[in-house]
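Notes follow the structure.
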Amino acid sequence: MEVVHTIPELRAAVDRARQAGKAIGFVPTMGCLHEGHLSLIRRAREEAAFVVVSIFVNPTQFGPNEDFSKYPRTFAEDRVGCVAAGADLIFAPTTADFYPVGASTWVDVEGVSARLCGEFRPGHFRGVTTVVAMLFNAVQADVAVFGRKDLQQLAVIRRMVRDLHMPVRIIAHETVREPNGVAMSSRNRYLSAEQLMQATAIPAAMAAAKATAQAGITDAARLRDAAQAVLSAQPALKLQYCEIVDLETMVPVASTSGLRCAIAIACHLGATRLIDNADL
């Protein structure tokens, strides 16, 4: 497996693969890879003969009081994981190389990015869509795989790809979970064993909402109440939002009748922000 740090090196490697008749798969990451990331790489390998993984902690998607400086950087372990999962190339640029001096261009997807995480993390999605657009432009992949845990991010990227006619197929891969049901996240490293157990209230809350929906309830307020009853029983969790949303627009709904909907939750557990979601 090759590791490159500049866009010219990346494009040369991708060009060689494409000239050999290989489809290009892409998995963008910020590193600190866990089994969830590795499952994305394996899925990309099923879809394409040449798989690129980017490892780049993108500064523009972090707010001023967020964890950019302490975000785990574990490149040596990540490289081993990429090899085992079947990646062909790691693209690991520096911030100085990736963002040109004086860069002032942004990609801003309105509407679908406005609520939920967009409300509580101003500028976050602008940073995400800008860096993903840059990566798509650099890699020129045929298919890109994203984790479903970041549900709103997935919806925002799909809208960007549609609106800007980007020639890449987006695949959503199911969330990989810890043995106790908590969604895998690089930020789980911040949690103590006790906090990781406290976090199980999040998947339990989603299960309560899902069971209510399966009982035939379509009123979003009742679905939300079922989840919040579970969350409120765990005082360590500080709820940021719990919403029943349309899967495409990320707009909270009054009723799930006739719609494809999900429950989306964001909580703080100590200093760590956790998000999760489930189809209803």
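Any read-out appearing in this document is the output of simple, stated calculations on the displayed coordinates, not a laboratory observation. Since the structure is predicted, the reported quantities are computational estimates derived from the model, not experimental observations. Here the Cβ is made from the backbone with ideal geometry for all residues, glycine too, and neighbour counts use every protein chain on show.
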- For region 25-173, taking Cα atoms only, what is the radius of gyration to one decimal and the Dmax to the nearest whole Å? 14.7, 40
- Each residue of region 270-278 in turn: what ³J(HN,Hα) in whole Hz from Karplus with 6.51, -1.76, 1.60 and θ = phi - 60°, glycine and Pro shown as x? x, 8, 9, 9, 10, 10, 6, 7, 8
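According to the Kirkwood expression over distinct Cα-Cα pairs, how big is the hydrodynamic radius of region 180-280, in Å? Walk me through the intermediate numbers first.
Numbers: mean 1/r = 0.0734 Å⁻¹.
When all Cα pairs of region 180-280 are included, the Kirkwood radius is 13.6 Å.
Whole-Å semi-axes of region 2-53's equivalent ellipsoid, largest first, each the root of 5 times a Cα gyration tensor eigenvalue? Walk me through the numbers on the way to the answer.
On the way: eigenvalues 81, 45, 7 Å².
Sorted largest first and rounded, they come to 20, 15, 6 Å.
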- Item | Considering only the chain, percent of DSSP beta bridges that pair antiparallel, nearest 5 | 50 percent
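Apply the Kirkwood formula to region 122-218: the hydrodynamic radius equals the inverse of the mean of 1/r over all pairs of different alpha-carbon atoms; give it in Å with one decimal. Walk me through the numbers before you get to the answer.
On the way: mean 1/r = 0.0631 Å⁻¹.
After inverting the pairwise mean of 1/r, the radius is 15.9 Å.
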- Heads up, region 26-67 by the C-alpha gyration tensor (a ≥ b ≥ c square roots of eigenvalues; a/c under 1.5 rounded, else a/b over b/c prolate, else oblate) looks prolate
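Going by how many other beta carbons lie within 10 Å of each one, how would you line up 210, 238, fewest first?
On the way: 210 18, 238 12.
Ranked by crowding around the Cβ, least crowded first: 238, 210.
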- Query: Tell me, how many Å apart are the Cα centres for region 187-202 and for region 1-74?
  - Reply: 27 Å
- Task: Can you list which of the GluC sites (Glu not before Pro) found in region 192-280 are DSSP loop residues with at most 16 other C-beta atoms within 10 Å?
- Result: 248
- Task: Compute the relative contact order of region 47-175 as a whole-number percentage, counting only Cα pairs closer than 8 Å that sit 6 or more residues apart in sequence.
- Result: 26 percent
- Message: Over the chain, with a Gaussian network built from C-alpha contacts below 10 Å, which listed residue (105, 29, 130) shows the highest mean-square fluctuation?
- Response: 105
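Give the order of 246, 97 when sorted by the count of other beta carbons within 10 angstrom, beginning with the fewest.
In increasing order of surrounding Cβ atoms, one gets 97, 246.
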- Query: Cα centroid distance between region 107-134 and region 223-280, in Å?
  - Reply: 19 Å
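Looking at the square roots a ≥ b ≥ c of the eigenvalues of the Cα gyration tensor of region 215-273, which shape do they give, rounded for a/c under 1.5, prolate if a/b is larger than b/c, or oblate? Let's see the in-between values first.
On the way: a/c = 3.66, a/b = 1.69, b/c = 2.17.
Oblate shape, in that a/c is at least 1.5 and b/c is the bigger or equal ratio.
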- Specify whether the C-alpha gyration tensor of region 95-170 places it in the rounded, prolate or oblate class, a ≥ b ≥ c being the square roots of the eigenvalues: rounded for a/c under 1.5, otherwise prolate if a/b is larger than b/c and oblate if not. oblate
